[in-house]
1. State the label only: which of (1) 21, 55, 20, 4, 1, 0; (2) 20, 37, 31, 12, 0; (3) 26, 61, 13, 0 corresponds to P(r) over Cα pairs in 20 Å bins from 0, in percent computed from the shown model?
2. What is the gain in length, in nm to one decimal, between V232 and R96 on full extension, counting 0.36 nm per residue of separation less the C-alpha to C-alpha distance?
3. Between I45 and T66, what is the spin-label point distance in nm, taking each point 7 Å from the Cα along the Cα→C-beta axis?
4. Would you work out which of A173, L354, N133 lies farthest towards the positive end of the dipole of the chain, given +1 charges on the beta-carbon of Lys and Arg and -1 on that of Asp and Glu, about the Cα centre?
5. Considering only Cα-Cα distances, which of the following residue pairs are longer than 20 Å: K265/K301; K257/K325; K225/K282?
6. Enumerate the calculated ³J(HN,Hα) couplings along the stretch 336-344 in order (Karplus 6.51 cos²θ - 1.76 cosθ + 1.60, θ = phi - 60°), each rounded to whole Hz, writing x wherever the residue is Gly or Pro.
7. With all protein chains present, how much of the accessible area of the chain (probe radius 1.4 Å) comes from carbon and sulfur, to the nearest whole percent?
8. With a cut-off of 12 Å, note down the residues of the stretch 409-438 whose backbone N falls inside the zone around a label point 7 Å from the Cα of S57 toward its beta carbon.
Amino acid sequence: MSAERGTGVRKARAGACAQLRRRLGILIFVFLIGAFGKSATAEEILPNGITPPSIASSLPYNGDPTGLRGLMASYGVTFDFFYFNDVLGNVNGGLRRGFIDQGLLEYDMKVDFEKLIGWQGLSLYANGFLIHNTGRIRRDYVGGINTIAAIEAVPTGRLWELWLEQSFWNGGASLRAGQLAADVEFFRADAALMFLQTDWPTIIAAALPSGGPAYPLSTPGVRVKVDPNKNVSVLAAVFNGDPAGPGTPGDEQLRNKYGVNFRLKDSPFVIAEAQFRTNHGKTDTGLASTLKLGAWTHFGKFDDNRFADDGTLLADPEGSGEPLKRRGNNGVYGVFEQQLYRPQGGDARSGITLFGLASGSPQDRSLINFWFQTGLVFAGMIPNRPDDKFGAIFEYARYSNSVRAFEQDQIAFTGIPEVIQDYEANLELNYLFRIVPGWTLQPVLTYVWHPDGGASAVDALVIGARSIWHY
């Protein structure tokens, strides 16, 4: 090799190394941001790194005067900030009256390794929360079991998700592994996401240890997804079965306060779902519909609601008082979304959409054995307000017969009257008003029947508003 040619090779290698160092530097920089940073899914990322709608588009220089965000996007590194703030008050009934303020700052980061280092189909995602509040409306003021405002959580800073995903077959399949949350992809209706009470369904949250891998907790897991065509998806995932670990019920978020427990030895939780869609394409004009069918199982041990391990009733003072252990718990569920009216030129999320979710679980080991939620959303129906939405959502959770039987047994043994828990139901009315792209305001009214099945409080009325900023 000639000296001239050798010099050229060394220069090329030095240039490649310098380029790699620059890309790794950007990646490390973003990780440092993300380490201190519920989330909208990016449908489109602009070349300047903005995920619309974003309040950045209303700011000078698109909120990026140095051009750093655009530079990072050119290397496949994008990020978003979301801030949710709720001012809510229980003005009648419940445990007590009063108002709270709660907020959640979320940082999202995604790295496309194809742009960064040329690895096709590989991506990384991380997000975290900073949570604050002056009280918790459901737990401290209403006393119910159904969610009233889904960002309610213990004040802290925490990691939520951190995973790698590899896609295959031209995007027709993907494998995701890392710190995962099940409620991001499973057992949800997209049309319901505008409502404050939309959350991991009560029936499954009450059944799983620590509430399962759902906001604000996550846990190590693996998820596989296959899309045979644009109208069908099949998802399955296995998670560590307890994101917080054993302890006193109700303090799960304190046992995993920062989201970094990374537990691996608990009995697994498995969930699978098949999704079927019609008329969701950009050029489709028919009424859009979605059907999801799913099932889950947990392989741990669960307490029987009524019987003790010695064959007596749990309420019997002469018995052991130790619950009979049942192997595993499970459930089935279904979700539908049906567009009833699609305005001319509108997409699958416009017009009028009816949705519903329902689920059932075994009576003997589940606190809630039947749950459903249904609602109606009107999107883009106000002249000159194409981005506004309004609607109503109703949720019902039925306490298991075995729970009711245990309470009746207690009355029989003690002679002391008490409330037999039957159901809890919530009705939320919500209007989403867009102030500017990336900034919305939502006045809300929620009525709660039989909080905690009528055991701890009377019917409650909650009023307030949510504001969301997206940068």
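The values are calculated or read from the model by the stated rules, or taken from the named source; none is laboratory data. Owing to the predicted nature of the structure, the values given are computational and were not obtained by experimental measurement. Note that each Cβ is placed from the backbone with ideal geometry, even for glycine, and that neighbours are counted across all protein chains shown. These accessible areas exclude ligands, DNA and RNA; they are computed on the full protein's heavy atoms, side chains included. Shrake-Rupley method; radii C 1.70, N 1.55, O 1.52, S 1.80 Å.
1. Among (1) 21, 55, 20, 4, 1, 0; (2) 20, 37, 31, 12, 0; (3) 26, 61, 13, 0, the one derived from this structure is (1).
2. 44.2 nm
3. 1.9
4. A173
5. Pairs exceeding 20 Å: K257/K325; K225/K282.
6. 9, 9, 10, 6, 8, 8, 10, x, 4
7. 61
8. Output list for this probe position: 436-438.
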